[in-house]
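Heads up: the structure comes next, in structure tokens.
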Ligand SMILES: [Zn+2]
């Protein structure tokens, strides 16, 4: 298998990827809390990890891609109260909205999509186990994780606990032994509740992912745990602390974090009121363009969403689509069929992605290929037109843009030849007419 390197947040270094089981990869990516339409920040991990999964599959790994839906949370309960409906009405609506975004961005859905509401028995059993082992304590029906009992707490986020500005990042309250301790179970009189040996309530957020991973991987370890940078602390640190406590593992061998999205150079935040919903951007620019924009920076660098970025993404994508369409049409008009590809170009592209998913260098290869396609079409070189188009289609198995390639009907072909004839006869009015019809039919 091809050598792949990833930047591992756990060691802060670029490491050669070695899966636990040869030829297989298990990936878990923290999914959304489904109380609202996903914003563009939620779309980035979706596209980044989609590319990662497709790349690993392309080079021959059997990949299990798991991503959860947080369908129990204060935000959901508040939304249900506001809308005067059940929590499930809220989560059903926004789970559908989330998957519409995933589909619109041309990402594949994960293989395993666990939900908190469907994992409750296991979550309760897990909290009980932590209590029994002394890693948790109960106060007034609330259960907290005892952070001081695990070694290396904060290792993943590279944080020094003593220097941590507790008030700024962590919820302080008098019940906790230590401000860093986090809720495993919340005693609440608001919204949906479940019965548990330690009292009626609902789980805290940090437990679900550990339990879901354990449910599917009884060895308590997966290869890659992914998510946005903002989840590193406290969420991922807390996930890891719980796994360390009961199983002595880091949950995952490689922790991969994508950077955030800025809007016109500023962080998306409530105070700036600059949240952009993915669906609005997709409606305005198309899923293709948003996917391109999300891939415009290396996954560990922020992407700055501006109208310039969106317009240049649209232009670049148009170059790829136009070249593919032109080549595809040309080959069909000439009944030229071949499945030859340029192995060397594919290899170069995969090499770039093998280096911590260097998609920017990957695109350099894509645009070089676009030039080759255009040149081959112009010089009527059917053999190379076919070879380079096939190569681009191979790379697109990972990139997953919708190129809108159309199988031409007999009528399409006839119209095309008429267009060419009228150009030859210098009947430009007629030629324009045919051109418009062909464009309408998606041939051009
Ligand atoms: Zn998580």
(message) Within segment 53-71, does at least one residue satisfy the condition of being assigned to a loop (DSSP other than H, G, I, E, B), surrounded by fewer than 20 Cβ atoms within 10 Å (Cβ to Cβ), on the phi > 0 side of the Ramachandran plot and modelled with pLDDT of 95 or more?
(response) yes
(message) Of everything in segment 410-444, what is over 20 Å from residue 321 (Cα atoms) and part of a loop (DSSP other than H, G, I, E, B)? Give them in sequence order.
(response) 425, 426, 427
(request) Go through (1) more than 32 Å from the chain's Cα centre (by Cα); (2) under 21 Å from residue 240 (Cβ atoms); (3) modelled with pLDDT of 95 or more and name the single condition residue 142 misses. (result) (2)
(request) Could you tell me which residue of segment 246-276 is surrounded by the most Cβ atoms within 10 Å (Cβ to Cβ), considering only residues that are more than 20 Å from residue 110 (Cβ to Cβ) and in contact with a helix residue (DSSP H, G or I) (Cβ under 7 Å, 6 or more places away or on another chain)? (result) 261
(message) Given (1) within 14 Å of the ligand (Cβ to nearest atom); (2) more than 22 Å from residue 117 (Cα to Cα); (3) in a strand (DSSP E or B), identify the lone condition not met by residue 253.
(response) (1)
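Condition check ((1) within 29 Å of residue 60 (Cβ to Cβ); (2) surrounded by 20 or more Cβ atoms within 10 Å (Cβ to Cβ)) across all residues:
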residue: 323; (1), (2): yes, yes
residue: 338; (1), (2): yes, no
residue: 347; (1), (2): yes, no
residue: 351; (1), (2): yes, no
residue: 367; (1), (2): yes, no
residue: 381; (1), (2): no, no
residue: 390; (1), (2): yes, no
residue: 395; (1), (2): yes, yes
(request) Might you check whether a residue that is more than 16 Å from the ligand (Cβ to nearest atom), in a strand (DSSP E or B) and either under 27 Å from residue 47 (Cβ atoms) or not assigned by TED's automatic domain parsing to the domain that holds residue 148 (or both) occurs anywhere in segment 178-191? (result) no
(message) Here is a check on your reading of the model: is residue 81 assigned to a helix (DSSP H, G or I) and surrounded by 14 or more Cβ atoms within 10 Å (Cβ to Cβ)?
(response) no
(message) I need the full set of residues from segment 195-245 which are within 15 Å of the ligand (Cβ to nearest atom), crowded, with 21+ Cβ neighbours inside 10 Å and not in a helix (DSSP H, G or I), in order please.
(response) 203, 204, 222, 224, 225, 226, 227
(request) With the condition kept exactly as written, say whether any residue in segment 199-222 is touching a residue at least 60 places away in the same chain (Cβ under 8 Å), closer than 30 Å to residue 403 by Cα and within 27 Å of the chain's Cα centre (by Cα). (result) no
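The values are calculated or read from the model by the stated rules, or taken from the named source; none is laboratory data. The model shown is predicted, which means the values in this text are computed figures rather than measured ones. In this analysis, Cβ positions are derived from the backbone assuming ideal geometry, glycine residues included, and neighbour counts consider all displayed protein chains.
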